[in-house]
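**Student:** Just dropping this structure here.
The values are calculated or read from the model by the stated rules, or taken from the named source; none is laboratory data. From a predicted model like this one, the values you see are computed outputs, not experimental measurements. Cβ placement follows ideal geometry from the backbone for every residue including glycine, while neighbour counts extend to all protein chains displayed.
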Amino acid sequence: MFDDRSPIYQQIAEKIKDDIVRGVLGEDEQVMSTNQYAAFYRINPATAAKGFHELISEGVLYKRRGIGMFVSPDARERLRAQRRERFFDEVVDPMVAQARVLGIPLEDVVARITVIPTNPDAGSAA
Amino acid sequence: MSPGIEVRDLRLRYGRTVALDGLTFRLDGGKVYGLLGRNGSGKTSLLSVLAAFRKASGGEVLVGGQNPFENAAVVRDICFIRDRVDVSDDERVSAALAYARDVRPNWDAAYADKLVNLFRLPLRKSVSALARGQRSALGITLGLATRAPLTIFDESYLGMDAPSRYAFYDELLNDYLANPRTIIVSTHLIEEVGSLFEEVVIIDEGRLVVHEQADGLRARGASVTGPAADVDRLVGELRTGRDLVVLGEQQLGGTKSTTVFGHLDESARARVRASGLELGPVALQDLFVHLTKKPENLENSR
């Protein structure tokens with residue numbers, strides 16, 4: 001699940017953010033405890049705790065003392081805004097560069113994009 | 001309950017062979033530690049001194065603030081599982097378990113039964129009749145069910161197939177979650193078990209190479225790949241003013257990949273990206289290989 005090529009706590013934080021952006025984790029929904037998470041993904045509990053701590057300090061999760069950790073109500077919208085900013089740098093620009101290397105005219109790329117049907121799972125159900 | 005460990009300038013000699021050559025590090029205790037090193041690097045020697053199986057030739061080891069050697073009160077709290085099981089060969093498996101039950105204050109008999117079933121250990125067989133992997137599984141059963149405040153597994157998985165090894169990792173983690181204590185695991189199989197470690201100690205030729213949080217180590221390796229001249233120039237630039245060590249270089253035709261070790265700040269990363277070179281991560285296993293390849297290495301405590 002998590003690989004050894006970057007800090008695992010960052011991978012954990014990213015995975016939970018992905019789940020929130022895709023709507024798998026809803027607002028005010030409780031997330032797994034650190035220990036549940038550690039056992040499920042076979043990782044050190046202190047490492048898992050660090051990932052959760054990062055999400056709490058970013059305001060993505062909040063803590064209810066003695067109960068557990070929950071998804072902040074505005075987390076999804078804020079994460080979506082952050083990722084929209086990164087989208088062109090991280091997704092579109094490399095795609096265009098790749099298309100150029102392969103000699104695919106950008107009109108063909110655009111034409112393809114416009115015929116892809118809207119995927120109901122793609123997270124537009126805000 | 002979870003003893004910390006202090007190792008100061010530890011030396012161990014076997015005749016003229018130097019096994020440990022001035023090791024110094026400190027473990028707070030209560031965590032899962034990975035001890036990594038190549039064959040002959042001194043892992044077993046170090047663990048043997050920690051567990052009071054051997055007397056140090058020089059320097060000092062403290063477990064929970066006390067020297068463990070010939071110290072019954074400390075040794076009672078230590079369980080050292082080597083790659084072979086420390087019971088006499090003609091004993092039955094059931095007798096080995098009964099002995100542990102009698103001498104180990106925290107022995108959990110119900111948990112031992114569960115592990116016996118999990119690893120399908122034949123209770124009535126003598127230890128000498130066990131296959132290699134079964135013998136390892138017996139060691140692991142003894143090591144986990146003893147619940148010693150300091151539990152040490154020294155390559156305890158030899159001969160076990162992958163499903164059994166993963167069963168071991170799962171039990172180790174779950175039992176640690178339920179009963180936190182100081183656990184040291186020495187291993188070569190970093191890819192399999194690395195995610196269980198909170199901290200990693202790497203030794204080579206009896207000396208400390210690195211002691212760091214496992215996640216910190218994962219963040220500190222990077223590879224820069226691209227046209228050889230560009231890579232050389234960029235790595236040279238990155239190293240000015242930064243504590244970066246070149247761990248390895250590989251070249252194929254005109255393409256070169258250089259592995260560096262150290263903290264790459266955001267400005268360094270931006271510089272690599274702007275140069276059009278590829279910045280890749282380095283797996284813990286690869287870092288380990290690089291860090292222990294050369295004898296003259298980074299002396300780097302935390």
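Table: residues versus (1) within 31 Å of the chain's Cα centre (by Cα); (2) over 24 Å from B:Asp83 (Cα atoms); (3) surrounded by 18 or more Cβ atoms within 10 Å (Cβ to Cβ); (4) free of Cβ contacts under 8 Å to residues at least 12 places away in the same chain.
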position: B:Val185; (1), (2), (3), (4): yes, no, yes, no
position: B:Ile190; (1), (2), (3), (4): yes, no, yes, no
position: B:Gly226; (1), (2), (3), (4): no, yes, yes, no
position: B:Gly254; (1), (2), (3), (4): no, yes, no, no
position: B:Ser267; (1), (2), (3), (4): no, yes, no, yes
position: B:Gly280; (1), (2), (3), (4): yes, yes, no, no
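**Student:** Restricting the search to the range B:157-172, which residues are in contact (Cβ under 8 Å) with a residue 40 or more places away in the chain and farther than 13 Å from B:Thr187 by Cα? Break it down stepwise before answering.
**Tutor:** Just the residues of the range B:157-172 that are in contact (Cβ under 8 Å) with a residue 40 or more places away in the chain, to begin with: B:158, B:164, B:167, B:171-172.
Selection gives B:Ser164, B:Ala167, B:Glu171, B:Leu172.
**Student:** Which residue is modelled with the lowest pLDDT, if the candidates are limited to the range B:1-47 and must be within 25 Å of B:Glu191 (Cβ to Cβ) and of a type in the set (Val, Ile, Thr)?
**Tutor:** B:Thr44
**Student:** Same structure again: Consider B:Gln134 against the criteria (1) more than 14 Å from chain A (Cβ to nearest Cβ); (2) touching a Leu at 6+ places or on another chain (Cβ under 7 Å); (3) modelled with pLDDT of 95 or more: it satisfies all of them except one. Which criterion is unmet?
**Tutor:** The failed condition is (3).
**Student:** Given (1) within 14 Å of chain B (Cβ to nearest Cβ); (2) in contact (Cβ under 8 Å) with a residue 24 or more places away in the chain; (3) not in a helix (DSSP H, G or I), where does A:Leu25 come up short, assuming only one miss?
**Tutor:** Only one criterion is unmet by A:Leu25, namely (1).
**Student:** Can you name every residue in the range B:203-221 that is within 14 Å of chain A (Cβ to nearest Cβ), touching a residue at least 12 places away in the same chain (Cβ under 8 Å) and crowded, with 23+ Cβ neighbours inside 10 Å?
**Tutor:** Scanning the range B:203-221 gives B:Ala214, B:Leu217, B:Arg218, B:Gly221.
**Student:** So, one more: Among residues belonging to the range B:119-159 that are out of contact with any strand residue (DSSP E or B) (no Cβ under 8 Å at 6 or more places or on another chain) and among the aliphatic types (A, V, I, L, M), point out the one that is surrounded by the most Cβ atoms within 10 Å (Cβ to Cβ).
**Tutor:** Per the stated criteria, the residue is B:Ala137.
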